[in-house]
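One structure is given below, encoded as structure tokens.
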Protein chains: 2
Amino acid sequence: MKLYASHRAPNPRRVLWVMAEKGIADVEVVQIDIMAGEHRTPDYRARVGVPHVPALELDDGTVISESVAICRYLEALHPSPNLFGHDAREQAVVEMWTRRCEFYLANPIMLNVRHSHPALAALEAVQVPQLADYNRAAAERFMKTLDRHLADREFIAADRFTMADVVSVVGLDFARLVRYRPPEELTNLARWYEAARARPAAQAGV
Amino acid sequence: MKLYASHRAPNPRRVLWVMAEKGIADVEVVQIDIMAGEHRTPDYRARVGVPHVPALELDDGTVISESVAICRYLEALHPSPNLFGHDAREQAVVEMWTRRCEFYLANPIMLNVRHSHPALAALEAVQVPQLADYNRAAAERFMKTLDRHLADREFIAADRFTMADVVSVVGLDFARLVRYRPPEELTNLARWYEAARARPAAQAGV
């Protein structure tokens with residue numbers, strides 16, 4: 001299998017982090033230079049269907065884009081350690097938190113950075129300052145929810161590290177590009193964030 | 001089990017559609033009036049954790065929010081007809097398309113409507129016209145991708161109706177609130193859209 005990834009991009013990092021947690025070493029990582037537009041070449045688009053990284057090319061030629069779909073597929077091949085839940089109920093809880101952390105934290109941060117960082121103007125048809133501001137406020141609202149949630153929990157979605165934690169740390173780390181740090185009064189969030197960033201697998205794709 | 005849903009809201013409709021496809025009749029549907037703010041009451045927030053519908057309350061008291069997490073849980077309880085894929089590879093393809101259709105079609109449409117429809121101002125802290133325009137353009141870009149994809153396919157993600165189709169039809173239908181219709185030249189999209197809307201289950205939650 002081949003993984004199309006890109007240095008410093010947050011969504012490929014989710015997959016590389018999951019591969020590191022699971023000790024997956026039989027996937028060839030192919031770097032795509034998105035700042036040079038390599039994800040927009042006719043060859044890449046024909047292969048993946050959309051100008052996105054990451055994408056996983058299976059040995060039968062099937063190409064899967066979308067980081068969480070790729071990670072769930074890797075979990076099916078390499079079930080341990082479990083990152084998506086052991087049974088239907090736990091899988092639902094983990095997916096709920098993974099989606100909340102994507103939609104209300106990681107995606108708003110991504111939009112904030114892409115619409116405010118001068119060097120990333122090339123990735124957007126047009127940078128919209130209002131969009132940057134709106135999304136920064138949205139991300140901070142969810143950080144408060146997450147801080148309350150983490151008051152008596154070590155991890156976001158279960159009694160162990162899961163996909164929801166991966167998505168959240170990668171999201172928060174991406175905000176460092178615009179020198180953003182979560183509000184200091186969110187001490188539960190800070191404790192969880194520091195512990196998650198200290199995992200060895202957090203270094204994959206950085 | 002209880003499903004907290006809301007008339008005319010797109011995300012609850014996804015779940016009601018899936019229940020109708022699967023013939024699930026043992027879930028009590030509780031209407032939450034979001035225009036009256038019932039999703040923001042202390043009781044609802046304490047129960048669900050976030051001010052969102054839909055939410056599924058299990059018999060053990062666990063509450064799952066996030067429409068796709070709820071639908072995947074219902075698929076585990078009621079596997080037929082299959083809407084999420086039969087094996088790991090097909091599940092990855094269905095999840096990829098479901099996510100593409102959420103992020104690049106349904107969510108942009110939802111943001112466009114919420115930031116441009118006068119009656120929905122109550123749902124947003126502030127309506128941002130630039131956000132409405134940006135998201136309408138984004139949704140139309142993906143409609144073109146989807147139109148090409150559907151040139152030789154009856155359904156979006158597999159040789160049968162799946163979750164990706166549910167998400168896409170519900171997204172496009174929500175745009176009707178602002179009297180939007182997809183560009184007429186997208187004839188493959190139009191053919192697929194008409195066929196999907198003609199399914200009996202499409203009437204659930206409308």
**Q.** Hits in the range B:150-206 (condition: of a type in the set (Gly, Ala, Ser), open to solvent by less than 40 Å² (accessible area, probe 1.4 Å), part of a loop (DSSP other than H, G, I, E, B) and more than 17 Å from residue B:83 (Cα to Cα))
**A.** B:205
Q) Of all residues in the range A:34-43 being of a type outside the set (Val, Ile, Thr) and not in a loop (DSSP other than H, G, I, E, B), which is surrounded by the most Cβ atoms within 10 Å (Cβ to Cβ)? A) A:39
Q | In the range A:57-102, residue nearest to residue B:63 (Cα to Cα) [restricted to those that are more than 8 Å from chain B (Cβ to nearest Cβ) and among the aliphatic types (A, V, I, L, M)] | A | A:94
Q: Have a look at B:46, B:20, B:25 and point out the one that is at negative phi, more than 9 Å from chain A (Cβ to nearest Cβ), part of a loop (DSSP other than H, G, I, E, B) and open to solvent by 20 Å² or more (accessible area, probe 1.4 Å).
A: B:25
(Q) What's the number of the only condition in (1) open to solvent by 50 Å² or more (accessible area, probe 1.4 Å); (2) more than 19 Å from the chain's Cα centre (by Cα); (3) over 21 Å from residue B:163 (Cβ atoms) that residue B:31 fails to meet? (A) (2)
Q) Of the residues B:167, B:178, which is touching a His at 6+ places or on another chain (Cβ under 6 Å) and at negative phi? A) B:178
Q. Has the range A:58-78 got at least one residue that is assigned to a helix (DSSP H, G or I), farther than 28 Å from residue A:160 by Cα and either out of contact with any Cys (no Cβ under 8 Å at 6 or more places or on another chain) or not acidic (Asp, Glu) (or both)?
A. no
Q: Test residue B:90 against the stated conditions and say whether it is closer than 26 Å to residue B:199 by Cα, under 18 Å from the mean Cα position of the chain (by Cα), open to solvent by less than 40 Å² (accessible area, probe 1.4 Å) and of a type in the set (D, E, K, R).
A: no
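Find the residue count for the range B:106-124, including only residues that are within 12 Å of another protein chain (Cβ to nearest Cβ), assigned to a helix (DSSP H, G or I) and either more than 30 Å from residue A:63 (Cβ to Cβ) or aliphatic (A, V, I, L, M) (or both). Walk me through how you get there before you give the answer.
Initial filter on the range B:106-124 (within 12 Å of another protein chain (Cβ to nearest Cβ)): B:106-108, B:110-111, B:114-115, B:124.
Subsequent filtering for residues that are assigned to a helix (DSSP H, G or I) retains B:106-108, B:110-111, B:114.
Those still in the list that are either more than 30 Å from residue A:63 (Cβ to Cβ) or aliphatic (A, V, I, L, M) (or both) too: B:106, B:110-111, B:114.
Looking only at that region, the number is 4.
The values are calculated or read from the model by the stated rules, or taken from the named source; none is laboratory data. All of these numbers come straight from a predicted model, not from anything done at the bench. In this analysis, Cβ positions are derived from the backbone assuming ideal geometry, glycine residues included, and neighbour counts consider all displayed protein chains. Note: areas computed on protein heavy atoms with side chains; ligands, DNA, RNA excluded. Shrake-Rupley method; radii C 1.70, N 1.55, O 1.52, S 1.80 Å.
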